[in-house]
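Novice: I have a structure I would like to understand better, so I am pasting it below and will then ask my questions one at a time.
Read-outs: derived from the displayed coordinates by stated rules, not from any lab. Please read these numbers as outputs of a predicted model, since none were measured by experiment. When we count neighbours, we look across all protein chains shown, and the Cβ atoms used for this are built from the backbone with ideal geometry, even at glycine.
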Amino acid sequence: MVQMTTFAGGRTGSWQVEHIRAVIGPPLEMVKRLAVAKGKDSSNQNAVWRLRGVTSYERYVHRSEREQLVARQPELGRVEATHAALIPIKKSAAWWNLTQDERREIFEEQSHHIATGLQYLPAVARRLYHSRDLGEPFDFLTWFEYAPADASAFEDLVQRLRRTPEWKFVERELDIRLSKRE
């Protein structure tokens, strides 16, 4: 099922922004809070910035990999998952000029993106949003949630993925870290 989600940075929202770091390319303006709204975003009219994406079918995934992901992926919104990261990514024209099977070769056979991610489930829940076809500034928005006890596992996951051949095609990446403080 395709669903639009808007991530709105500003003064309101259930997530407190700890920091925004530009890994590659220009940063976004620092904000205090992040609101996550499903469907058409009519709230947060005073947001400093908005990033939109849609859930979609899994690309580059074989059936056996999808079955493993579904079996191990926890639901988002777990009570203990009070830490999150929003990582927007834009890939280069060279990436998009490759065919689907060439991108799959880099994504999994060379970079082991799916296999690596599976190693961190269920500790780190994630959801991928596609933004490229919406005309957004990023191609993908990746949302991660995890418990404080799993923060080092999340750091390890991100560092491993950033060292892969796939990341040679990234031309802009932000790392937005968040927490929920009750």
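Novice: Placing +1 at every Lys and Arg Cβ and -1 at every Asp and Glu Cβ, with all other atoms neutral, what dipole size does the chain have around its Cα centre, in debye to the nearest 20?
Specialist: 540
Novice: Listing I89, I176, I24 from the residue with the fewest other Cβ atoms within 10 Å to the one with the most, what is the order?
Specialist: I24, I89, I176
Novice: May I ask for the percentage of alpha-carbon pairs in the chain that lie more than 24 Å from each other?
Specialist: Working: 5937 of 16471 pairs.
So the portion of pairs separated by more than 24 Å is 36 percent.
Novice: Subtracting the Cα-Cα distance from 0.36 nm times the residue separation, let me have the gained length for Q45 to L76 in nm, one decimal.
Specialist: Difference between extended and current length: 8.6 nm.
Novice: Still on this structure, please answer the following. Grab the chain and count how many Lys pairs have their alpha-carbon atoms under 19 Å apart, sequence gap of 8 or more, or different chains.
Specialist: Summing the qualifying lysine pairs gives 4.
Novice: Which of T164, T99 has the fewest other C-beta atoms within 10 Å, and how do the rest follow up to the most?
Specialist: By the 10 Å Cβ count, ascending, the order reads T99, T164.
Novice: How big is the charge dipole of the stretch 109-181 about its Cα centre, in debye rounded to the nearest 20, if each Lys and Arg gets +1 on its Cβ and each Asp and Glu gets -1 on its Cβ?
Specialist: Dipole magnitude for the stretch 109-181 comes out near 220 debye.
Novice: Order these by the 10 Å Cβ neighbour count, fewest first: E29, E65, E166.
Specialist: Result, fewest neighbours first: E29, E65, E166.
Novice: Quickly work out the S92-to-M4 label distance, labels modelled 7 Å from Cα along the C-beta direction, and quote it in nm with one decimal.
Specialist: 3.3
Novice: Where the centre of each part is set by its Cα atoms, how far does the stretch 130-176 sit from the stretch 13-34, in angstrom?
Specialist: When both Cα centres are located, 14 Å separates them.
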